[in-house]
Amino acid sequence: MLDGTYRLARWLVPRDSDARDLVQETYLHALEARKTFRPGASMRAWLCSILRNRFVDLCRRRGHEVLWADGADEFRTLETTGDAPAGFFGDAELARLTTLVRGDIGRALQALPENHRTVVLLCDVEHWRWEEAAAVLEVPIGTVQSRLFRARRALRRLLSEYAPEEASIERMR
Amino acid sequence: MSACADNSFRIALLVRGELDSAEEALLRAHLAGCATCASELAAEEELSRKLEKLPRLMAPADLKAQVQDRMGVPLARGRVLRMAPRRLVVAGTIVLALVIGAAVTLRSRFAADPLALAAHQAVAERRSLDLQRDLFPGETAGAPALLRELAQRYGLPATTAFPGDAELRLVSVRPGTALGKVSAILIYLDKEARLVTLEILPGNEVQIPPKRTRQVQQFRPVLARVEQCGVVLWKQGGALHVLTAPLDDQELARLFVKVRTHRS
């Protein structure tokens with residue numbers, strides 16, 4: 001269970017130390033908020049839901065505004081401060097290394113709005129059930145399905161945009 | 001290129017294997033004659049293949065240890081005593097989920113011997129439970145209800161387990177994980193306040209080699225010793241039972257008979 005929580009954290013925040021902080025905060029918060037857990041519900045979905053909410057809090061604490069985009073249920077995190085970031089966004093070298101490790105698909109996934117990225121991770125990478133993803137995203141199952149559909153469309157579009165870049169890099173080698 | 005408007009979503013479901021056979025047959029018939037939709041299917045399948053290739057990171061061992069340590073602090077405090085039984089299930093689940101990391105390490109060491117693995121896991125869990133024993137007096141009343149809830153939720157034949165007696169008092173029940181399966185852990189205290197645990201997990205595929213068992217009255221359990229703790233393993237009702245207690249072999253055998261037959 002901790003592995004899945006950690007993986008989601010690593011996709012939300014590229015820096016490992018931030019992901020670790022997020023996971024630790026999540027488990028401590030889970031212990032504090034244990035009365036909100038319904039017996040019989042998915043424990044991992046409950047934990048990831050907490051993690052996601054902590055991520056939004058973290059963004060706000062570090063001066064990153066959480067903006068709603070593409071309708072009421074989509075949001076991106078954007079850096080709003082002009083100074084060099086102390087937090088986890090804007091680290092160009094880290095972003096470059098992350099991209100190298102994860103390849104095009106990772107780069108495309110990272111470029112998605114948070115809601116789209118999370119739904120792809122939960123449903124298509126972790127293979128969670130619809131209802132578990134719905135619990136994390138706090139939306140109905142139908143919304144999860146339609147969001148996943150749109151996210152996959154966006155991923156394919158991004159991958160097709162990257163393809164010519166990759167081809168030109170290959171030619172230069 | 002986009003698929004026929006009505007089919008895009010169905011193609012996505014087909015790739016996920018979530019269409020029923022009738023819908024799938026209809027869609028496949030359409031795909032055979034529609035290049036646009038066939039191309040859509042190929043693109044979706046290609047995307048799924050790429051997603052499957054993403055690295056699956058594991059949480060570092062030191063992070064697991066850190067989380068476990070930090071989780072242990074509030075659990076050791078008296079305020080948890082006020083938790084309702086169901087909430088204890090949650091707290092117990094969280095803490096025990098963190099023990100999974102240790103279990104994975106043990107599994108790699110004892111991959112070829114599930115009995116040795118189960119014994120080591122049970123003793124490791126017992127050690128963790130021993131640290132929380134100040135919680136147990138507050139849980140005693142709710143233990144039977146917790147046991148029923150756990151047994152129902154995970155289909156464990158645990159409700160017929162030894163319910164405790166004057167010598168061995170059932171003080172708590174927790175969900176656990178052993179051999180990669182969800183288990184029920186019954187926690188008892190004996191007259192000398194020693195912790196005794198009985199872990200029950202699905203065990204149909206676990207084989208007990210006859211040469212490793214010992215005759216104890218008419219039963220043949222496996223007796224083992226892990227870190228000075230006695231462990232008894234046996235199959236009963238399709239479940240693997242793992243009893244741990246800090247007792248010598250003779251006392252352990254007597255305890256096994258009591259727990260196995262419910263004879264005080």
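A Förster distance of 45 Å, applied to the separation of the beta-carbon atoms of B:Ala32 and B:Thr213, puts the FRET efficiency at 0.15.
Mean partner shielding of peptide A:2-13, defined as the number of other chain Cβ atoms within 10 Å of each residue Cβ, is 4. From the square roots a ≥ b ≥ c of the eigenvalues of the alpha-carbon gyration tensor of the range B:118-160, which class results: rounded (a/c under 1.5), prolate (a/b over b/c), or oblate? It is oblate, given that a/c is not under 1.5 and a/b is not larger than b/c.
Rounded to the nearest 0.05, the FRET efficiency derived from the C-beta distance between A:Ser146 and A:Ser17 at R0 = 30 Å is 0.30.
Given R0 = 51 Å, the distance between the Cβ atoms of B:Phe9 and B:Gln250 translates into a calculated FRET efficiency of 0.15. The distance between label points at B:Glu46 and B:Asp62 comes to 4.3 nm (points 7 Å beyond Cα on the Cα→Cβ vector). Sorted fewest first by neighbouring Cβ atoms within 10 angstrom, A:Thr36, A:Thr143, A:Thr26 come out as A:Thr36, A:Thr143, A:Thr26. Checking the cross-link pairs B:Lys64/B:Lys235; B:Lys64/B:Lys181; A:Lys35/B:Lys258; B:Lys211/B:Lys235; B:Lys191/B:Lys258; B:Lys64/B:Lys191 against a 25 Å limit on the alpha carbon distance flags B:Lys64/B:Lys235; A:Lys35/B:Lys258; B:Lys64/B:Lys191 as lying beyond it.
So if I take the centroid of the Cα atoms in the range B:218-264 and the same for the range B:151-171, what is the distance between those two points in Å? Using only Cα atoms to place each centre, the spacing works out to 15 Å. With a 10 Å cut-off around each Cβ of B:52-62, the average count of Cβ atoms from other chains is 6. How would you classify the range B:5-52 from its alpha-carbon gyration tensor, with a ≥ b ≥ c the square roots of the eigenvalues: rounded for a/c under 1.5, else prolate if a/b is greater than b/c, otherwise oblate? Because a/c hits 1.5 or more and a/b fails to exceed b/c, the range B:5-52 counts as oblate. Annotation: extensible slack from B:Gln152 through B:Arg133 equals 4.3 nm (criterion: 0.36 nm per residue apart, minus Cα-Cα distance).
Here, each number is a calculation from the coordinates, and none is a lab measurement. Values in this document were obtained by computation on a predicted structure and should not be read as measured data. Quick reminder, even Gly has a Cβ in these numbers, built from the backbone with ideal geometry, and neighbours come from all protein chains shown.
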